[in-house]
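Here the structure is laid out as structure tokens; the discussion comes afterwards.
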Amino acid sequence: VTTGRWTVLTASDLRHPVVLERDSRYRMLRVLGLVPLVALVPLLDEPVPSGFQSVREIANYYQSLAVVRSGLSSYTYVTLQETDAAVHLYSVLSSPLVALGYVEAGRLVSALAALATLLVVSALTRELWGRNVSLLVPPALLANAYFFRFSWASQPEAVSIALTTGSVFAAVRYTREGERNWFVGSVLLLVLAVANHSWEAVVALPLVAVS
């Protein structure tokens, strides 16, 4: 329906074959954009440590092992300082699989966090600049050497990226919709990010500006 300068889509318009075809093509391109993640699969059982910051990978494994053996009481003997010996949320997430004997569990946690980041950044980009631009997110992020490397590293960075990105996304939705649940979600994700790495607290500054 066209009224003056504006064209308003009705329910019947949304079911139009052309619209449905565009939606189908968009969904297909979204899936294709995630295909490079398949390259991570053979890396998920790469022995710990790898050649990339190997000391940190060893430290993160033993953090998870400490959680397996002592639960949260491991916080009493593993330093809370921001060092390689600190217990991160990442270590807690990895610990159930470590308990089952999957020593490289941290790699799977990082890969899942990377997938979550791709989906959230795509959603944020679609919110701000439209869905066509959002299709560029997966290839752009996966082309970044650091992002790809952290996507399978047995280290906490991928989880930090996912949580802080989710916090920013929730803050943007809050500013646009005014729904209190988005604000609460943004704060909770930031708290979890800080529990993973204390320096994630710096994200609070742009969140305040956005909110």
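Odds and ends about this structure:
- Residue in region 139-154 that is out of contact with any Pro (no Cβ under 6 Å at 6 or more places or on another chain), farther than 19 Å from Arg30 by Cα and open to solvent by 60 Å² or more (accessible area, probe 1.4 Å) present: yes
- Looking only at region 63-99, and only at residues there that are open to solvent by 40 Å² or more (accessible area, probe 1.4 Å), of a type in the set (A, V, I, L, M, F, W, C) and modelled with pLDDT of 90 or more, the one that is nearest to Asp45 (Cα to Cα): Leu97
- Residues that are buried (at least 24 other Cβ atoms within 10 Å of the Cβ) and polar (S, T, N, Q) within region 165-185 comprise just one, Ser167.
- At least 3 residues being at pLDDT 90 or above and polar (S, T, N, Q) is the threshold, and among the helices (runs of 4 or more DSSP H) wholly inside region 100-211 those reaching it are 105-129, 157-177.
- Per the conditions (1) modelled with pLDDT of 75 or more; (2) open to solvent by 70 Å² or more (accessible area, probe 1.4 Å), the sole criterion not satisfied by Leu43 is (2).
The values are calculated or read from the model by the stated rules, or taken from the named source; none is laboratory data. All values reported here derive from a predicted model rather than from experimental measurement. No Cβ is skipped: glycine too gets one built from the backbone with ideal geometry, and neighbour counts run over all protein chains shown. These area figures cover heavy atoms from the full protein model, side chains too; ligands, DNA and RNA do not enter into them. Shrake-Rupley method; radii C 1.70, N 1.55, O 1.52, S 1.80 Å.
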